[in-house]
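What follows is a short report on a single structure.
Only the coordinates and a few stated rules stand behind these numbers; no lab work does. Please read all numbers here as calculations on a predicted model, not as lab measurements. Because the Cβ atoms are built from the backbone with ideal geometry, glycine has one as well, and the counts that use them run over all protein chains shown.
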Amino acid sequence: MPRLLMLALLLPLAACMRPPEPLRGAYPPLTPSGALQPGTTGERVRWGGEIANTTPRNGETCFEVVSKPLDDRARPMVTDQTDGRFVACTSGFEDPSVYAPGRDITVVGPLEAPTPGKVGEAEYSFATVRADAVYLWPQRQPRDVYPYWGYPYWGWGWGWGGPWGWGGSGVFVGRRIGGRWH
């Protein structure tokens, strides 16, 4: 009985760790900088990152993306690590106010020839994906951080009275909901 209960609790969690349906599949470990090498055209990739720019054109929309490593759900991680930028173009119109700079996006599709362009004033060669799946992730909920200088409490930890004394300090990470910290 306990095993069935544990399985019933873990099964929904395991389902949450899979990528959304349009992003599932096996993909080569090719990175945007590696895709600039000859012989990669036509390779199917799953890349993601933070949108830098969205440009609608006649019949298609192109996204300039700062690449980020993907987690187990294929969502871009919150990190400063990047493997460069890439361009992903999909058919149809996508609104630049929805696909705004800073939003997380994951795309799936075959590689095309690199696209020349600029980042600021610098010349840049963008790996280019013809995206047949574009997944815009929900915006992350911001976390508020404020210093916690403590108030008297009894318990384990280092405080004003030594390891078993009063007080404490540190940082509390939470979010404000309806005027209260949670």
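Remarks
- Under the convention that each Lys and Arg Cβ holds +1 and each Asp and Glu Cβ holds -1, the size of the dipole of the stretch 19-136 around its Cα centre is about 180 debye.
- Around ARG73: net Lys/Arg minus Asp/Glu count, Cβ-Cβ under 15 Å: +2
- Anisotropy class of the stretch 19-136 from Cα gyration tensor, a/c 1.5 cut: rounded
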